[in-house]
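What follows draws every value from the coordinates through simple rules; no lab data is involved. No experiment lies behind these values; they were computed from the predicted model shown. A quick note on method: Cβ atoms are made from the backbone with ideal geometry, for glycine too, and the neighbour counts reach across all protein chains shown.
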Amino acid sequence: MVSATSSTPVSGSTGHAAGASEPNGPGIDDLDAATGELDAPLAVIDLDALRYNAAELVRRASGRPVRWATKSVRCRALIRYATELTGCSRLMCYSLAEALWLYREGLGDDILVAYPTADRAALRALAADPGAAHAIAITVDAPRHLDLVDAAVGASRPEIRLCLEIDAAWQPLADAPLLGSVLRGNPHIGALRSPVRTEAQARALVEAVLDRGNYRIVGLMAYEGQIAGLGDAPPRRPLRAAAVRWVQRRSAAELAERRAAVVRAVRELVPLEFVNGGGTGSLERTAAEPAVTEVAAGSGLIGPTLFDTYRTFRPRPAALFALPVVRRPGPRVATVFGGGYLASGPAGADRVPTPYLPAGLRLTAAEGAGEVQTPVTGPAADRLRLGDRVWFRHAKAGELAERFSRYHLLEKSAPSGSGTAKTRLVGTVPTYRGEGKSFG
């Protein structure tokens with residue numbers, strides 16, 4: 001059994017990812033029965049759904065190694081579980097301090113910090129630990145990042161492993177500068193990340209690194225957020241869906257050609273251990289590119305609501321949270337405690353938590369998900385009593401872990417010998433927050 005303070009892997013697994021089958025998610029009676037001895041608010045992980053999701057991600061990667069994005073999990077035991085379940089042990093961290101912690105806890109020896117760091121203390125810790133310096137690669141996209149490292153740790157240090165990031169956004173007028181000048185700009189469709197887009201820019205960055213010495217370029221990455229993180233089947237919005245698919249097709253074609261050219265240019269100067277690309281929403285496309293050697297995924301393990309709007313895959317909801325009913329203001333209305341767990345990104349209706357069970361509830365337009373209480377409306381509200389629970393899904397995968405100190409693990413299993421399988425509480429594990437960790 002995994003306890004709230006255990007550093008051991010998640011226990012209770014009944015299958016391997018390669019043989020997982022699509023689970024039937026627990027209903028509200030199953031959830032309430034399995035967690036009946038616990039007080040809400042609480043958060044749970046459905047291990048059956050997590051196993052199914054992991055198997056689907058590995059299948060969609062078509063033989064490419066999957067590098068797990070830890071920001072989408074933020075629970076050490078579940079990160080370990082994903083690596084052991086799938087055999088994919090590479091990690092993609094969002095913070096150097098996080099990467100150092102996971103390395104020291106024995107979670108991996110191939111860790112990519114996928115975002116540039118300005119954390120001087122973490123850089124000094126990396127330089128002071130030869131083992132960590134050998135296991136962790138940090139991302140840079142400009143010589144100024146090297147200046148930060150040099151200022152923090154100086155020249156007397158182990159060799160620092162680097163990953164170069166190229167911009168993966170689509171600029172449809174990149175080859176039509178005259179039209180861009182007429183329109184006063186070239187649309188930038190995708191995340192605003194690296195300034196490096198072309199072969200020449202990549203070569204210049206490699207040469208700048210080589211001129212410094214005591215750095216080693218080991219990888220290259222590009223994240224196509226306009227494909228990997230944007231659903232192509234928004235409900236009841238056919239025109240938007242058509243526009244998104246059109247953009248994604250053209251963006252993917254342009255990026256595949258440009259990424260391959262940049263990789264060739266970089267490999268002419270230095271050998272590369274990996275070329276990373278993609279995300280949960282683009283695994284098939286990215287894995288099909290010959291230039292890419294591995295793909296990244298994380299949100300697809302958890303299955304938040306932002307990943308309900310893709311045509312080619314549908315992760316199962318693996319993370320839920322329950323809030324207790326504390327008021328009944330009137331007919332068809334119940335008010336639960338807490339609830340304002342909004343997701344990052346552009347503010348909008350898709351960033352708020354979604355009432356999940358009992359079915360038929362919705363947030364109110366006037367209050368939404370509140371700081372200390374959240375009203376929900378709908379016919380199902382009339383069946384709720386004080387102390388009953390409403391189960392919600394978060395819009396994003398990892399951010400729920402910032403609101404709860406532990407995850408309770410659920411799994412459908414039969415009693416020893418015989419009996420009907422039912423959802424049971426099989427363990428409890430701490431989130432990053434529960435271990436006293438916050439990496440921003």
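Listed by chain and number, the lysines whose alpha-carbon sits under 22 Å from that of Lys437, ignoring those within fewer than 8 places in the same chain, are Lys71, Lys396.
Could you calculate the FRET efficiency of Arg203 with Ala349 from 1/(1 + (r/R0)^6), where r is the beta carbon distance between them and R0 is 35 Å, rounded to 0.05?
Values: r = 44 Å, r/R0 = 1.27.
The computed FRET efficiency comes out at 0.20.
The shape of the stretch 48-304 comes out oblate: with a ≥ b ≥ c from the C-alpha gyration tensor, a/c is at least 1.5 while a/b does not beat b/c. Remark: the Arg216-Leu192 segment gains 6.1 nm on full extension, using 0.36 nm per residue and subtracting the alpha carbon distance. With a cut-off of 15 Å between beta carbons, the residues surrounding Thr364 carry a summed charge of +2, where Lys and Arg count +1 and Asp and Glu -1.
Just to confirm the filter: which trypsin sites (Lys or Arg not before Pro) across the stretch 182-240 are DSSP coil and have at most 14 other Cβ within 10 angstrom of their Cβ?
Numbers: sites: Arg184, Arg193, Arg197, Arg203, Arg212, Arg216, Arg236, Arg240; in loops: Arg184, Arg193, Arg197, Arg236.
For trypsin sites (Lys or Arg not before Pro) across the stretch 182-240 that sit outside H, G, I, E and B with at most 14 neighbouring Cβ atoms in 10 Å, the list reads Arg184, Arg236.
Averaging the sequence gap over all C-alpha pairs within less than 8 Å and six or more residues apart, then dividing by the number of residues, gives the chain a relative contact order of 20 percent.
Approximating the spin labels as points 7 Å out from Cα along Cα→Cβ, the Lys437-to-Ala359 distance works out to 3.9 nm. Segment Asp29..Arg144, full-extension length gain: 35.8 nm, with 0.36 nm per residue of separation and the alpha-carbon distance subtracted. About the centre of its Cα atoms, the stretch 55-134 shows a dipole size close to 240 debye [charges on the beta carbon of Lys, Arg (+1) and Asp, Glu (-1) only; nearest 20 debye]. Taking label positions 7 Å along the Cα-Cβ direction at both Ser156 and Ala260, the computed distance is 4.9 nm, reported to one decimal.
Tally the DSSP beta bridges in the stretch 48-304 and give the antiparallel ones as a percent, rounded to 5.
On the way: 1 of 28 bridges.
Bridges in the stretch 48-304 that DSSP calls antiparallel: roughly 5 percent.
Taken about its Cα centre, the stretch 48-304 carries a charge dipole of roughly 720 debye when the Cβ of each Lys and Arg holds +1 and the Cβ of each Asp and Glu holds -1. For the chain, a simple Cβ point-charge model (Lys and Arg +1, Asp and Glu -1, everything else neutral) yields a dipole of about 840 debye relative to the Cα centre. Taking a ≥ b ≥ c as the square roots of the eigenvalues of the alpha carbon gyration tensor, the chain is prolate, as a/c is not under 1.5 and a/b beats b/c.
Quick check: the distance between the Cα centres of the stretch 104-159 and the stretch 352-421, to the nearest angstrom? About 40 Å separates the Cα centre of the stretch 104-159 from the one of the stretch 352-421. A simple spin-label model places pseudo-atoms 7 Å from Cα toward Cβ; at Ala243 and Phe337 they are separated by 4.4 nm.
Treating r as the C-beta distance of Glu37 and Glu268 and R0 as 60 Å, the FRET efficiency rounds to 0.45.
Counting Lys and Arg as +1 and Asp and Glu as -1 over every other residue whose Cβ lies under 9 Å from the Cβ of Lys422, the net charge comes to +1.
Of all DSSP-defined beta bridges confined to the chain, some 50% are antiparallel rather than parallel. With a cut-off of 13 Å between beta carbons, the residues surrounding Glu273 carry a summed charge of +2, where Lys and Arg count +1 and Asp and Glu -1.
Ordering Gly108, Pro235, Val292 by Cα displacement along the dipole of the chain toward the positive end leaves Pro235 in first place; charges were set at the Cβ atoms of Lys, Arg (+1) and Asp, Glu (-1).
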